[in-house]
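Scroll down for the structure; my scribbles are underneath it.
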Amino acid sequence: MTHTPKTIRLADYRAPDYLIHETHLHFELYDDHALVHAHLVLERNPQLDDSLPPLVLDGVKLELKHIALDDRVLGAGEYQVDEESLRLQPEKNSFTLDTTVRIEPQNNTELEGLYRSGGMFCTQCEAEGFRKITYYLDRPDVMSSFTTTLSADKQQYPVLLSNGNKIDEGEEGERHWASWEDPHKKPAYLFALVAGDLWCVEDSFTTMSGREVTLRMFVEPQNADKCQHGMDSLKKSMRWDEEVYGREYDLDIFMIVAVDDFNMGAMENKGLNIFNSSCVLAKPENSTDAAFQRIESIVAHEYFHNWSGNRVTCRDWFQLSLKEGFTVFRDAEFSADMNSRTVKRIEDVAYLRTHQFAEDAGPLAHPVRPAEYMEISNFYTLTIYEKGAEVVRMLHTLLGAELFRKGSDLYFERHDGQAVTCDDFVAAMESVSGRDLTRFKLWYSQAGTPVLQVSDSYDAEKQEYRLQVRQNCPPTPGQPVKEPMVIPLATGLLDAVTGEEVRGTQVLELTEASQEFIFTGIASQPLPSLLRGFSAPVRLEYAYSREQLAFLLAHDSDGFNRWEAGQQLAIQVFSEALTQQQNGQTPAFDPQLAQALSKVLADTQLDEALKAEIISLPSLAYLLELQTEADVANSHVVREALRLSLAQQLEQPLREIYQQLREQARATDYRPEAGQIGRRRLQNMTLSYLMLLEQDDILAACIAQFEQADNMTERMAALANLVNNPVREQAEQALAAFEQEFAVDPLVMDQWFSVQASSPLFSDTAQIRQLMQHPAFSIKNPNKVRAVLGAFSQHNLPQFHAADGSGYALLAEQVAVLDGLNPQISARMVNPLTRWQRYQPRQQQQMRAELEKLQQLPKISRDLFEVLEKSLG
Ligand code: ARG
Ligand code: ZN
């Protein structure tokens, strides 16, 4: 980047001057370059006037070799090329354009466009990667039919794939070729190709109308035994989308390819999804339960995009949440149906509150539909995805399941084959419900997390209970003042003595800054259960006493709110002790928490998964998120002391549960299904408490679990416990054994890196630097960067925030290196530094200084530039 990047604004949206009806591509792939021949059939956009403005095609890092307009080769004066575009003057309404460009996939470290991963060629085009492949109108509202021919060396690249159906293939000496045709019009961001020496696992699926679809997973040969779970997840997703949304798959073949070098999780290219191998490959001996569950949800996510994203796509990138928010909501509901609904909700809410709320409160806050950006890659955010999904969930709550389904049917029917906006989505919901959702749409345009302040009163004489609710939303960059929003507040009332439900869940609809809700016929002062199931992405404030929280934890009929009551109780107990610690006193912990948790452990009605969630303390990151000035060091000390104190008070039940569950695990064949996953989670959670007691028999049990378990979930938990306890020698032995066993598997080595990098006891900055010297580490591989630098800066908070600033310096130094290789990753990795305002003055200074140094880089990407500029203000 040589000049300041310009800001792109939603308000400036204009329909495309030209349309591309047909796109015919021919790729000649070689080891040191690729030639891309494009034949485009274009037309002046008939919706616009009949002038003929210049045609400006996007193109970045392309070497133009040939150009012809309507078969006539253009002379040097007849077109202009600059760093980002190709401009020429059409002479007719309808015309064809032929170009040939030369590119170098082997030197593409950005992993955007056409690049090499391991021994194969692959692509990533969303959002604006297609322009790195050929000159094009690289915008989602230009939809075209595609044919693609690829040619490559037969030996090295026996498999040649692109979107749609294969229509032809052949050989020419050492080389061979294949032609693919995608019958569905699509924007360029959904284009994909793959060439490599790949193993294929095949299956099939019969759709609801009886069509047979061939399912293929392509992986490197050594991963052939890690495909079953991905394939099973795909078939479940296809069935679920038929049953729950009435959506049928629309091609005869669906392909998934796993690649090791990938910026994100996966990509929904039409008929040819490309996955980060970490998000699709698994087998029990190598992969944890969390990996199995992540795979199930991401396979579903990408598959669901076939309707929510591909058949109906986005008009422009400001509408990104139209497809991402909706699709995350869809995959979350799918996972809830496949596993424990309550636990899935707990996980998602914990993640949202820790990370999205932080984003919403920081310098990078933006609405679900942003109004402007410099680099769209920076907007694949928690707000677009996770908060966007919460917005769709609220529509679901407000309309009810049945009307919501009618609305989604109407949306798909009205807009099939179109590129549309978030307004179109809401309009379909308005049509089927007859509701005016204008005010609701503030969720798309206002950034920030609303705060609900709830108070109540009871009138015994009138038998009347009143809830007073005030809402307000803090200012965010560019939005000093907010309007009141429409907020569904799911509420139940409990008898404060017996815990019986006196009013079942009712969705109160907030629309004003301040409102009162009156419940009549209430015989005694009730205890409210508020925001059940986390019915809106807000911060709730109600002055519960610890006794009331313990009571809700014991009695609430809403599983989510039972967990939430336990979390709030833990937060209160923690906060009191933190204040003591900060004042130089020894922190003391209210025994009410241990008492409440001991009841949970003894409860025979509760399943293990929920028990495990309830006894988990809020993460350090979340506890810090709640503080006005985050005190990392003291919070870490106090949280660890609280864990130890709970372990001491609950030792007996923890020991019993651990032993029983470990026995059970030994006696059962591993399966990644919800019941077992919950039991293993509780088993490993109890082990992590018990290890704090530093007793020999527990250490021996942990080592035995590490050595003997037949699955990665138990092994990795045991390893993490060794690494996170002051038993350095045993930890090092286990790490060495593990490394030896799994050195050849990069996905397992990612876990090996990350378990060390995440541990404050085990890894200071010096250790992180050592990990980066390990032969299995590569700064060019995003999974490795995330496993070491990501884990360090996001999970090893005490060391990342070390008093001497060395953690910040390490991250900034590596961000600088990354920015020269892969701007999407550098702009993401720098994120922990961007929240400098949250910390103590000295830390603020250190963090700012690192950001300012980065700003001075002689060459800086647009991605990183935007993040730095916004966070330094
Ligand atoms: N659409 C993909 C998904 O939902 C993500 C693509 C990310 N692309 C990017 N440039 N950040 O899962
Ligand atoms: Zn997506």
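Read-outs throughout are calculated quantities, based only on the coordinates presented, and are distinct from any laboratory measurement. Note that the coordinates shown come from a computational prediction; the quantities given were computed from them, not determined experimentally. Cβ atoms come from the backbone with ideal geometry, glycine included; neighbour counts cover every protein chain shown.
Which of L442, L467, L48 comes first, and how do the rest follow, when ranked by fewest Cβ neighbours within 10 Å?
Sorted ascending by nearby Cβ count, the order is L48, L442, L467.
Taking 8 Å as the Cα distance limit and 6 or more residues as the minimum spacing, I'd like the relative contact order of segment 793-869 as a percentage.
Relative contact order, segment 793-869: 32 percent.
Can you give me the C-alpha center-to-center distance between segment 600-652 and segment 770-809, rounded to a whole angstrom?
Using only Cα atoms, the two centres lie 25 Å from each other.
Please enumerate, by chain and number, the aspartates and glutamates with C-alpha under 13 Å from the C-alpha of K784, excluding those fewer than 8 residues away in the same chain.
K784 reaches D260, D261, D745, D750.
I'd like the distance between the alpha-carbon centres of segment 96-172 and segment 177-193, rounded to an integer number of Å.
Result: 9 Å between the Cα centres.
Please give the charge dipole size of the chain, origin at the Cα centre, charges +1 on K and R Cβ atoms and -1 on D and E Cβ atoms. Round to the nearest 20 debye.
So the magnitude is around 1400 debye.
Roughly how far apart, in whole Å, are the Cα centres of segment 7-81 and segment 340-419?
With segment 7-81 and segment 340-419 each reduced to a Cα centre, they are spaced 34 Å.
Can you give the local net charge around E512? Use residues other than it whose beta-carbon is closer than 14 angstrom to its beta-carbon, Lys and Arg +1, Asp and Glu -1.
Cβ neighbours under 14 Å give a net charge of 0.
Along the charge dipole of the chain, pointing to its positive end and built from +1/-1 on Cβ of Lys, Arg, Asp and Glu, which listed residue (T438, V426, A361) has its Cα farthest out?
Selected residue: A361.
Mind checking which lysines have their C-alpha under 21 Å from K780, skipping anything on the same chain fewer than 8 residues away?
Reachable lysines: K61, K132, K859.
On full extension of the chain, what length is gained from Y351 through D50, given 0.36 nm per residue of separation minus the C-alpha to C-alpha distance?
Answer, rounded to one decimal: 103.2 nm.
How big, on average over all directions, is the shadow cast by the Cα convex hull of segment 460-543, in nm²?
The Cα convex hull of segment 460-543, projected and averaged over all directions, gives 6.2 nm².
Name the shape class, rounded, prolate or oblate, that the alpha-carbon gyration tensor gives for segment 343-538, where a ≥ b ≥ c are the square roots of its eigenvalues, rounded holds for a/c under 1.5, and otherwise prolate holds if a/b is larger than b/c and oblate otherwise.
prolate
Under 15 Å from the Cα of K65, which aspartates and glutamates turn up, not counting those fewer than eight places away in the same chain?
Once the sequence-local aspartates and glutamates are set aside, what remains near K65 is E28, E78, D82, D98, E104.
To the nearest 10 degrees, how steep is helix 592-602 against the longest Cα principal axis of the chain, on a 0 to 90 scale?
70
What distance in nm separates the simple spin-label points at M208 and Q844, each placed 7 Å from Cα in the Cβ direction?
It is 5.6 nm.
Along the Cα→Cβ direction, 7 angstrom out, place labels at D153 and E741. What is the inter-label distance in nm?
Computed distance between label sites D153 and E741 equals 3.7 nm.
Taking the chain as the region of interest, what is the percent of Cα-Cα pairs per 10 angstrom bin, listed from the shortest bin to the one with the maximum distance?
The calculated distribution, bin by bin, is 2, 12, 21, 25, 21, 12, 5, 2, 0, 0.
Could you put S575, S162 in order, starting from the residue whose Cβ has the fewest other Cβ atoms within 10 Å?
S575, S162
Which FRET efficiency value, to the nearest 0.05, do you get for E174 and Q580 by plugging their Cβ-Cβ distance into 1/(1 + (r/R0)^6) with R0 = 60 Å?
Taking R0 as 60 Å, the efficiency between E174 and Q580 is 0.20.
Indicate the gyration tensor shape class of segment 743-873 (rounded, prolate or oblate), computed on the Cα atoms with a ≥ b ≥ c the square roots of the eigenvalues: a/c under 1.5 is rounded; otherwise a/b larger than b/c is prolate and the rest oblate.
Here segment 743-873 falls in the oblate category.
Which value in nm describes the separation of the simple spin-label points at A290 and N165, placed 7 Å from the Cα toward the beta carbon?
4.4
Which entries of K166/K270; K387/K441; K6/K870; K323/K344; K323/K441 show an alpha-carbon separation above 18 angstrom in the structure shown?
The answer is K323/K344.
So if each residue of separation counts as 0.36 nm, and I subtract the Cα-Cα distance between Q222 and D696, what length gain in nm does that give?
Full-extension gain reported as 166.7 nm.
Got the relative contact order for the chain handy, in percent, Cα pairs under 8 Å and 6 or more residues apart?
8
If each DSSP helix of 4+ residues adds -39,500 (n - 2.57) and the sum is divided by the residues in the chain, what number results at 222 nm, nearest 500 deg cm²/dmol?
-12500 deg cm²/dmol
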